[in-house]
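Before any comments, here is the structure.
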Amino acid sequence: MGRIDPMYQFSLDAYNQLFNQSIDKSTHHSKLEDRILALNDYHTYALFKFTCRALFERHKLLFSFQTCAKIMEAAGKLDMEEYTYFLKGGVVMDRETQMDNPCKWLDDASWDNITELDKLTNFHGIANSFEQYARDWHLWYTSAAPEDAMLPGEWGNSCNELQKMLIVRSLRKDRVAFCATSFIINNLGAKFVEPPVLDMTAVVEDSSCKTPLIFVLSAGVDPTSGLVQLADEVGMKNRFSALSLGQGQAPLATKLIKEGVKEGNWVYLANCHLSLSWMPHLDKLVEQLQSEEPHPDFRLWLSSNPTKGFPISILQAGLKMTTEPPKGLRANMKRLYGLVSERTFSRCKKPEKYKKLLFTLCFFHSVLIERRKFLQLGWNIPYDFNDSDFEVSENLLNMYLDEYEETPWDALKYLIAGVNYGGHVTDDLDRRLLHTYINDFFNENVLNTPFYKLSTLNDTYYVPKDGPYQHYKDYISLLPGVDHPAAFGQHPNADITSQIRETHMLFETLLSLQPQVSSLKGESTEDKVLALAQDVKEHLPELIDYENTLSILLKIATHRWELFCSRRFCATITLLPQYPTLSSIWRKELKVWWLCRRI
């Protein structure tokens with residue numbers, strides 16, 4: 001994983017510790033086979049949770065798919081020839097022998113994929129089927145969800161799940177991510193495509209006084225407020241020290257760490273990427289923790305942007321967490337409700353209004369973040385809306401509902417959309433879109449209409465009936481895992497570009513990990529390199545005979561030089577009577593010609 005991002009560093013010691021925990025916590029059985037099966041299932045998911053906590057959102061599906069593929073490969077359930085095609089696609093080397101494209105609606109790149117797919121053992125005849133079932137293939141190709149549609153002809157019954165993914169990969173790259181998700185669910189389980197929301201309390205429980213806790217930062221996200229809230233919840237608020245690193249802050253940071261080790265404080269050093277020159281010293285301090293006996297309550301918290309200058313040993317020894325918002329409306333809303341404690345949820349004097357408007361505020365914030373996946377169709381300019389925007393808006397909502405008998409809609413909409421979130425927005429059309437959303441989600445109908453709809457999708461996104469804190473979280477867990485573009489007011493084709501981009505990123509990253517994957521014939525990487533070297537050697541021309549070549553070149557050069565000098569000599573003799581001053585030139589030319597003859 002370190003090839004993908006410099007912050008993805010994991011150690012064998014951390015894995016051994018995780019494996020020992022899996023042995024202790026997994027279900028015990030009297031039969032050895034059942035015990036091994038239970039241990040494998042538990043440890044696989046524990047490893048998934050441990051790793052996903054440190055991954056950015058764009059790499060979580062990739063990690064799940066790679067894990068699934070490796071498990072199936074080890075079990076002998078994966079055809080490596082087909083899997084290699086899935087990663088690389090088809091490349092036509094000889095177009096003269098390529099079958100002509102019988103379908104005008106099919107682009108050249110897709111037809112290249114099909115003709116190369118036809119060369120695989122289990123796909124002989126698929127290219128001819130496009131001529132035989134051209135209309136059926138066109139209907140499948142233009143369907144909204146081809147991965148769920150029946151394949152034309154005999155291919156509908158003869159293809160397994162991976163083989164169907166190859167056809168989707170060849171013709172509809174925008175649907176590959178959905179195929180990969182279904183592939184993971186069917187082979188590992190649905191929990192492997194739903195990364196758990198970051199639980200800071202669980203992270204503290206998994207850590208020790210010798211383990212650094214590292215936030216890997218992303219744009220527009222600051223974990224400081226959440227960390228302060230956590231310190232307050234666990235009774236460490238009075239023993240919590242925070243420092244933003246930069247020029248001249250190194251001595252103070254060293255002092256805070258040494259005091260924290262003795263007194264059992266929490267020390268938070270933010271923005272380590274701004275003080276890379278001090279990182280070797282921090283590495284030594286962390287190394288000393290392993291040999292010393294720090295106070296049991298001591299915790300060292302660090303945050304940094306992804307950078308190659310961050311010490312690898314600290315990354316391997318620590319627990320890493322990404323602060324990036326998750327993908328999808330459901331995951332974002334689940335995370336936002338995690339930021340609102342049950343005590344905060346119950347503090348408003350008008351709970352009926354607050355609970356419904358808090359739900360619409362969470363939905364509003366999630367929609368604004370998720371629209372970025374549509375690129376220019378989502379926002380003309382991408383904006384980094386963050387948790388601080390939500391927290392300030394939630395405080396405003398609670399305060400204004402407590403102070404006013406009638407709901408101050410205009411004030412709430414202006415402060416939330418015009419000032420708070422609107423402070424990020426610089427484009428006029430984006431600002432108009434922002435106000436359109438706030439007008440839909442903050443109005444009297446939200447309070448008076450049962451199950452008020454938040455999108456044009458029927459019976460999918462609506463305000464649930466009033467209930468306790470857990471009731472809203474349970475409803476959010478029932479929302480779709482994959483968001484339809486209509487949930488954002490978009491056309492179904494709006495996310496094609498982003499899906500194709502995600503597919504390309506998936507293939508490029510998986511291919512970058514390929515040296516660690518065995519070849520399709522079971523050969524090792526070294527065997528493949530040796531075979532390639534032998535092939536190159538066979539195509540090399542014979543060695544050049546340098547001695548004979550040099551003599552031939554000298555003869556040619558000598559002949560040309562003699563010819564050149566003789567012509568110059570004749571010209572000089574002809575012009576000498578007319579230009580006496582050329583006598584000196586004549587002498588020089590004669591000497592050159594004579595030397596050339598001697599050679």
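The values are calculated or read from the model by the stated rules, or taken from the named source; none is laboratory data. Predicted, not measured: the structure shown is a model, and the values here were computed from it. A quick note on method: Cβ atoms are made from the backbone with ideal geometry, for glycine too, and the neighbour counts reach across all protein chains shown. Please note that ligands, DNA and RNA were not included when accessible areas were found on the heavy atoms of the full protein model with its side chains. Shrake-Rupley method; radii C 1.70, N 1.55, O 1.52, S 1.80 Å.
Look at ALA202 and say whether it is modelled with pLDDT of 90 or more and of a type in the set (A, V, I, L, M).
no
I want to confirm something. Restricting to segment 415-448 and keeping residues that are assigned to a loop (DSSP other than H, G, I, E, B) and among the hydroxyl-bearing types (Ser, Thr, Tyr), which single residue is surrounded by the fewest Cβ atoms within 10 Å (Cβ to Cβ)?
Once the filter is applied, the top-ranked residue is THR426.
Quick check: is even one residue across segment 123-146 of a type in the set (Gly, Ala, Ser), in contact with a helix residue (DSSP H, G or I) (Cβ under 6 Å, 6 or more places away or on another chain), free of Cβ contacts under 8 Å to residues at least 40 places away in the same chain and farther than 29 Å from LEU511 by Cα?
Looking for residues that are of a type in the set (Gly, Ala, Ser), in contact with a helix residue (DSSP H, G or I) (Cβ under 6 Å, 6 or more places away or on another chain), free of Cβ contacts under 8 Å to residues at least 40 places away in the same chain and farther than 29 Å from LEU511 by Cα, one finds none in segment 123-146, hence no.
Within segment 214-228, can one find any residue that is touching a helix residue (DSSP H, G or I) at 6+ places or on another chain (Cβ under 6 Å) and either at positive phi or not hydrophobic (A, V, I, L, M, F, W, C) (or both)?
Among the residues of segment 214-228, not one is touching a helix residue (DSSP H, G or I) at 6+ places or on another chain (Cβ under 6 Å) and either at positive phi or not hydrophobic (A, V, I, L, M, F, W, C) (or both), which makes the answer no.
For segment 322-333, name all the residues that are closer than 22 Å to ASP495 by Cβ, open to solvent by 10 Å² or more (accessible area, probe 1.4 Å) and either among the polar types (S, T, N, Q) or in a helix (DSSP H, G or I) (or both).
Hits for segment 322-333 are ARG330, ALA331.
Taking only segment 392-430 into account, find how many residues are more than 15 Å from CYS348 (Cα to Cα) and among the charged types (D, E, K, R).
5
Among (1) open to solvent by 50 Å² or more (accessible area, probe 1.4 Å); (2) within 23 Å of THR322 (Cα to Cα), there is one condition PRO223 misses while meeting the rest; what is its number?
In the conditions (1) open to solvent by 50 Å² or more (accessible area, probe 1.4 Å); (2) within 23 Å of THR322 (Cα to Cα), PRO223 misses (1) alone.
Please verify whether GLU502 is part of a helix (DSSP H, G or I), open to solvent by less than 80 Å² (accessible area, probe 1.4 Å) and not β-branched (Val, Ile, Thr), treating the condition exactly as stated.
yes
From the list PHE192, PHE215, exactly one residue is assigned to a helix (DSSP H, G or I) and aromatic (Phe, Trp, Tyr). Which is it? Before you say what the answer is, go through the steps one by one.
Numbers: PHE215 fails: assigned to a helix (DSSP H, G or I).
After applying the criteria, what remains is PHE192.
Among the residues of segment 337-381 satisfying the criterion of being assigned to a helix (DSSP H, G or I) and touching a Ser or Thr at 6+ places or on another chain (Cβ under 7 Å), which is modelled with the lowest pLDDT? Working first, answer last.
So in segment 337-381, the residues assigned to a helix (DSSP H, G or I) come out as 337-339, 342-345, 351-377.
Still in the running and touching a Ser or Thr at 6+ places or on another chain (Cβ under 7 Å): 353, 361, 373-375.
Numbers: LYS353: 91, LEU361: 95, LYS373: 88, PHE374: 88, LEU375: 84.
Top of the filtered list is LEU375.
Please go through (1) on the phi > 0 side of the Ramachandran plot; (2) buried (at least 20 other Cβ atoms within 10 Å of the Cβ) for GLY153 and return the number of the only condition it doesn't satisfy.
For GLY153, the failing item is (2).
Report, ordered by the first and then the second residue, all pairs with beta carbons closer than 8 Å, sequence separation of six or more or different chains, a first member in segment 488-502 that is within 15 Å of LEU329 (Cβ to Cβ), and a second member that is in a loop (DSSP other than H, G, I, E, B) and among the β-branched types (Val, Ile, Thr).
What qualifies is GLY489/THR456.
If the Cβ limit is 8 Å and pairs must be 6+ apart or interchain, which residue in segment 17-39 that is at negative phi and loosely packed, with under 12 Cβ neighbours inside 10 Å pairs with which residue that is at pLDDT below 90 and not in a loop (DSSP other than H, G, I, E, B)?
none
State which residue pairs qualify: first residue closer than 23 Å to HIS504 by Cβ and inside segment 73-92, second residue at pLDDT below 90 and not in a helix (DSSP H, G or I) in any location, beta carbons under 6 Å apart, and separation of 6 or more residues or different chains.
Short answer, once both residue conditions are applied: MET80/LEU520; GLU81/LEU520; THR84/LEU520; VAL92/GLN98.
For the subset of segment 4-16 comprising residues that are closer than 16 Å to LEU319 by Cβ and assigned to a loop (DSSP other than H, G, I, E, B), which member is most open to solvent (accessible area, probe 1.4 Å)? It would help to see each step written out before you state the result.
Here is the first cut: in segment 4-16, the ones closer than 16 Å to LEU319 by Cβ are 7-16.
Next, only the ones that are assigned to a loop (DSSP other than H, G, I, E, B) stay: 7-11.
Numbers: MET7: 1, TYR8: 5, GLN9: 36, PHE10: 70, SER11: 27 Å².
Of everything passing the filter in segment 4-16, PHE10 is most open to solvent (accessible area, probe 1.4 Å).
Within segment 212-220, is even one residue more than 23 Å from the chain's Cα centre (by Cα) and touching a residue at least 24 places away in the same chain (Cβ under 8 Å)?
Yes, the conditions are met somewhere in segment 212-220.
Does ARG343 count as charged (D, E, K, R) and either open to solvent by less than 10 Å² (accessible area, probe 1.4 Å) or under 23 Å from MET200 (Cβ atoms) (or both)?
Judged against the criteria, ARG343 is a match.
Being in contact (Cβ under 8 Å) with a residue 60 or more places away in the chain and either open to solvent by less than 10 Å² (accessible area, probe 1.4 Å) or β-branched (Val, Ile, Thr) (or both) narrows it down to one residue among LEU319, LEU289, LEU336; which is it?
One residue alone meets the criteria, LEU289.
Would you mention how many residues in segment 79-128 are assigned to a loop (DSSP other than H, G, I, E, B), of a type in the set (A, V, I, L, M) and crowded, with 17+ Cβ neighbours inside 10 Å? Write out each step before concluding.
In the first step, residues of segment 79-128 are kept if they are assigned to a loop (DSSP other than H, G, I, E, B); the result is 79, 89-107, 118-120, 124-125.
Keeping just the survivors that are of a type in the set (A, V, I, L, M) gives 91-93, 99, 106, 120.
Narrowing further to those that are crowded, with 17+ Cβ neighbours inside 10 Å: 106, 120.
Adding up the residues that qualify gives 2.
Let me confirm something: among THR581, THR558, THR509, which residue is of a type in the set (Ser, Thr, Tyr), modelled with pLDDT of 80 or more, farther than 30 Å from LEU434 by Cβ and not in a loop (DSSP other than H, G, I, E, B)?
Within the list THR581, THR558, THR509, the selection yields THR509.
Quick one: GLY235 ticks every box in (1) assigned to a loop (DSSP other than H, G, I, E, B); (2) touching a Pro at 6+ places or on another chain (Cβ under 7 Å) except a single one, so which number is it?
For GLY235, the exception is condition (2).
Give me a count of the residues in segment 295-348 that are over 22 Å from the mean Cα position of the chain (by Cα) and of a type in the set (Asp, Glu).
Number of matching residues: 2.
Checking the conditions here, which among LEU55, LEU47 is in contact with a helix residue (DSSP H, G or I) (Cβ under 7 Å, 6 or more places away or on another chain), within 26 Å of MET505 (Cβ to Cβ) and part of a helix (DSSP H, G or I)?
Exactly one of LEU55, LEU47 is in contact with a helix residue (DSSP H, G or I) (Cβ under 7 Å, 6 or more places away or on another chain), within 26 Å of MET505 (Cβ to Cβ) and part of a helix (DSSP H, G or I), namely LEU47.
Would you call LYS191 under 26 Å from the mean Cα position of the chain (by Cα), more than 21 Å from TYR8 (Cβ to Cβ) and open to solvent by 60 Å² or more (accessible area, probe 1.4 Å)?
yes
Using beta carbons and a limit of 6 Å, which pairs, at least six apart or on different chains, have the first residue in segment 192-208 and closer than 25 Å to MET236 by Cα and touching a residue at least 60 places away in the same chain (Cβ under 8 Å) and the second one surrounded by 14 or more Cβ atoms within 10 Å (Cβ to Cβ) and basic (Lys, Arg)?
Once the first residue is closer than 25 Å to MET236 by Cα and touching a residue at least 60 places away in the same chain (Cβ under 8 Å) and sits in segment 192-208, its partners that are surrounded by 14 or more Cβ atoms within 10 Å (Cβ to Cβ) and basic (Lys, Arg) give VAL197/LYS334; VAL197/ARG335.
Could you run through segment 240-284 and say how many residues are crowded, with 17+ Cβ neighbours inside 10 Å and free of Cβ contacts under 8 Å to residues at least 24 places away in the same chain?
Result for segment 240-284: 1.
MET1: touching a Pro at 6+ places or on another chain (Cβ under 8 Å), under 22 Å from LEU213 (Cβ atoms) and in a loop (DSSP other than H, G, I, E, B), yes or no?
It is false that MET1 is touching a Pro at 6+ places or on another chain (Cβ under 8 Å), under 22 Å from LEU213 (Cβ atoms) and in a loop (DSSP other than H, G, I, E, B).
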